[in-house]
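A short write-up of the structure that comes next.
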Amino acid sequence: MTALAAEDFLAQLHERLGEVVLTDPAAMERYAHDEAEWAAYALPLAVVRARSTEDVRVLVELCIAHRVAIVPRGSGTGLSGGANALSGSVVLSLERMDRVLEIDQQEKLAVVQPGVINDHLREAVAERGLWYPPDPASAPWSSIGGNVATNAGGLCCVKYGVTGDYVRELEVVTGTGEVVRLGRRTAKGVGGYDLRSLLVGSEGTLGIVTEVTVRLRPARPEERTIAGYFSSITAAGEAVAATLASGVVPSALELVDRTCLEAVDAWKQMGLSTEAEMVLLGRTDTPGADGAAEAALMQRCFEESGASFVAVSADAQESEALFAARRLAYPALERLGPVLTEDVCVPVGAVPEMLARIQASAASFDVRIANIAHAGDGNLHPLLITAPGDEAERERAQEAFEVILADALDLGGTVTGEHGVGLLKRAGLGRELSAPVVAMQRAVKDALDPHGILNPGKAIV
Ligand SMILES: Cc1cc2nc3c(=O)[nH]c(=O)nc-3n(C[C@H](O)[C@H](O)[C@H](O)COP(=O)(O)OP(=O)(O)OC[C@H]3O[C@@H](n4cnc5c(N)ncnc54)[C@H](O)[C@@H]3O)c2cc1C
């Protein structure tokens, strides 16, 4: 785009959208990238902080006319560079569209704007005795629109499923500037292609989500937590496989290693025990005697896999501290230096082997790798930590990153379980998908975004 064309575009943007447009570079910097430190970004032409679906529609109309790319953005907690601004683009922030519009107790559903923060939705529906399950570790900060666009998983999805399992209906501004509704409010509905599911996880490349209708569940019972302490990463992996093979369906099964616990403790002084190499956190929300039996079975699986110590707790405060540490692990590690985040997912039976291969990569590339994992889903997050400014280490980490992706594929897994492809996983996705499937993905993109303005260069290869 020439300087003159950009000037003309910005003049029209200001005229049509007024005070929601930011062009001050210092103000725009905050909107220019997500949490994926290693992914490239540029300052955009402008940031639009939409207040309504109509603002979004007007922006799309202008961007089609001027062939300007739009980068949608929720809270910017993404870990793949999906919300990273491109040179000459407009970042569309949905953060001001943050109202819970409706909670229907009888139908057990809620209608929300995309900028509603995940935890805020959970709190709002809890007041009516209801529960919104999808709980990414970023729930205090990430938006429902971002969760839908990445099909976010979370801690309880081992039992209750991911964001897409709760999306009933979407309002979307399309790549041709129309406002459409996809999916249905009703519990069932199968007419036509399932375009709602196509939009879920499309990372802002097929449409802009301006309203979300989610289904809810009744409030859940208190959980019991089983914490197992292990002296080796592979023993903890064995405990994951044994637990899942036992028939228990945990309401969470999370792994966190000593590096993470030390980083959280150094930051928040939570008094966490950092003696064990790995801590495996299991939970059950089955009430009564059945829940007690499930907890006992998990305890046995942990012990038989070599746990040095297992603690069972029905004390919400105590177990919440361990889960809080799990949630804080990523920002705590970021304080140590640039972090390259993996998000591989392997069949649950392959978890011990995958963890062993990650450990081998750390040794052979001489890179520090911390581990957190939604272990019950086989979704592992090895976190490659490098010293600030150490270019050689950064390169070694990049090589280890690619080997870990290759190992996951080799074990029948995928390069991204929940964070999305964004910019960081495009090469990996290219290795994962066959050529005809890549062509199908491109055909969908071309059909739904014929002007190529929706988050180009992200999510697909
Ligand atoms: C500490 C931490 C813990 C995390 N834990 C988890 C976890 O447990 N599970 C998990 O799945 N992820 C996790 N993440 C990653 C991240 O929080 C999720 O991907 C989340 O869904 C992103 O939401 P967001 O609002 O921040 O979206 P953003 O980062 O702003 O955007 C993410 C993607 O969605 C697109 N997008 C955003 N809003 C819209 C919209 N309204 N319409 C169309 N496209 C849109 C963007 O263009 C981008 O491609 C974690 C991140 C951090 C920092």
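Summary table
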| item | result |
| --- | --- |
| Estimated dipole of the stretch 366-410 in Debye, rounded to 20 [Cβ of Lys and Arg +1, of Asp and Glu -1, Cα centre] | 200 |
| The chain, relative contact order [Cα under 8 Å, separation at least 6], % | 16 |
| By average C-beta atoms within 10 angstrom, highest first, the peptides 82-88, 352-358 | 82-88, 352-358 |
| Protein accessible area in the chain, 1.4 Å probe - carbon and sulfur % | 52 |
| Magnitude of the charge dipole, the stretch 3-93, Cβ model with Lys/Arg +1 and Asp/Glu -1, debye to 20 | 180 |
| Cα convex hull of the stretch 331-416, projected area averaged across orientations, nm² | 5.0 |
| Relative packing of peptides 66-77, 158-169, 214-225 - highest average C-beta neighbours within 10 Å first | 66-77, 158-169, 214-225 |
| Value of [θ]222 nm, deg cm²/dmol, for the chain, DSSP H segments ≥ 4, -39500 (n - 2.57) each, nearest 500 | -11500 deg cm²/dmol |
| Positive-end residue, the chain charge dipole about Cα centroid, Cβ charges, pick of I460, S52, Q359 | S52 |
| Eligible lysines near K458 by straight Cα distance, threshold 18 Å, same-chain separation 8 or greater | K425, K445 |
| Dipole of the chain, positive direction: furthest Cα of G74, A219, T176, with charges on the beta-carbon | T176 |
| Distribution of pairwise C-alpha distances over the chain, 20 Å bins, in % | 25, 56, 19, 1 |
| Relative contact order for the stretch 3-93, counting Cα pairs under 8 Å that sit 6 or more residues apart, in percent | 37 |
| Cα centroid separation - the stretch 238-257 against the stretch 395-421, whole Å | 22 |
| C-alpha center-to-center spacing [the stretch 342-379, the stretch 1-50] in angstrom | 38 |
| The stretch 100-218, relative contact order in percent, only Cα pairs under 8 angstrom and at least six apart counted | 32 |
| Reachable lysines from K108, criterion Cα separation under 17 angstrom, eight or more residues apart if same chain | K188 |
| Among 4-10, 290-296, the order from most to least packed when residues are scored by Cβ within 10 Å on average | 290-296, 4-10 |
| Probe 1.4 Å, accessible area per residue of the stretch 94-180, Å² | 35 |
| Net charge dipole size for the stretch 100-218 [Lys, Arg +1 and Asp, Glu -1 on Cβ; Debye, nearest 20] | 400 |
| Calculated FRET efficiency for the pair A6/E402, C-beta based, R₀ 51 Å, to 0.05 | 0.90 |
| For the stretch 50-184, Kirkwood radius (reciprocal of mean inverse C-alpha pair distance, Å) | 15.7 |
| Total formal charge among the other residues, if their Cβ is under 15 angstrom from that of L199, Lys/Arg +1 and Asp/Glu -1 | -2 |
| Net charge of neighbours whose Cβ lies under 15 Å from the Cβ of L13, counting Lys and Arg as +1 and Asp and Glu as -1 | -3 |
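The values are calculated or read from the model by the stated rules, or taken from the named source; none is laboratory data. Owing to the predicted nature of the structure, the values given are computational and were not obtained by experimental measurement. Every residue, glycine as well, gets a Cβ built from its backbone with ideal geometry; the counts of neighbours run over all protein chains shown. For accessibility, only protein heavy atoms count, side chains too; no ligands or nucleic acids. Shrake-Rupley method; radii C 1.70, N 1.55, O 1.52, S 1.80 Å.
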